[in-house]
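The values are calculated or read from the model by the stated rules, or taken from the named source; none is laboratory data. This structure is a prediction, so every number in the text was calculated from the model and none was measured. Don't worry about glycine lacking a Cβ; one is built from the backbone with ideal geometry, like all the others, and counts go over all protein chains shown.
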Amino acid sequence: MDIGRLSERLMGMSEETWRRHANPWSGWTRLASYPLIFLAVWSNVWIGWYCLAPIAALAVWIWLNPRLFPRPKSTKSWMSRGVLGERVWINRWQEPIPPEHEKMANILSAIALAGVAVSVYGFWARDFWAAFMGWNLAVAAKMWFVDRMVWLFEDMKDKNAAYRAWLY
């Protein structure tokens, strides 16, 4: 099982949840949560173990987020197509995707993982700049990944009727 499928299972992403998550408000508010997650983890420096309260609240928010927004009126926005592309990416074992998309998505995932590793080191060592730079590298790689997912969706929607039906 890959990280995408594992994430989908942990998040409990049903068909309806995916439809709601395609609302651009869902994607953009999740993105806006990244700095808050960083601050919640870094708050350990200031408030010790009490940092678990904002971390837990943000974990609940991340889980609830795709469920809180209604289905979008249209899925033609950049963020909506990015979410649809992530669905295509997760489904790549049943419906193969072009190799250039798979290669780039793997590279971007590796960059994000490297950023997370640097950030974890920074949190552990209480080195703000390592944590901050690693976190920003991970977020930048995630944003680039979403952009690649838009591209993937655009390439795959004409090859698969189910994918095409997601666009309205």
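Observations
- Lone unmet requirement of (1) part of a helix (DSSP H, G or I); (2) at pLDDT 95 or above; (3) under 21 Å from K142 (Cβ atoms); (4) among the β-branched types (V, I, T) for T75: (1)
- Residue match in the stretch 75-90 (condition: surrounded by 13 or more Cβ atoms within 10 Å (Cβ to Cβ) and basic (K, R)): yes
- Set V83, V60: member being within 17 Å of the chain's Cα centre (by Cα), within 21 Å of L152 (Cα to Cα) and not basic (K, R): V83
- Test: residue in the stretch 122-133 that is within 19 Å of R30 (Cα to Cα), surrounded by 14 or more Cβ atoms within 10 Å (Cβ to Cβ) and touching a residue at least 12 places away in the same chain (Cβ under 8 Å): yes
- Complete set of residues in the stretch 9-43 that are at pLDDT 95 or above, over 21 Å from S77 (Cβ atoms) and assigned to a helix (DSSP H, G or I): P35, L36, I37, F38, L39, A40, V41, W42
- In the set P66, P24, P35, P96, only one residue is farther than 30 Å from F132 by Cβ and of a type outside the set (A, V, I, L, M); that residue is P96.
- Complete set of residues in the stretch 91-117 that are outside any helix (DSSP H, G or I) and surrounded by 17 or more Cβ atoms within 10 Å (Cβ to Cβ): I97
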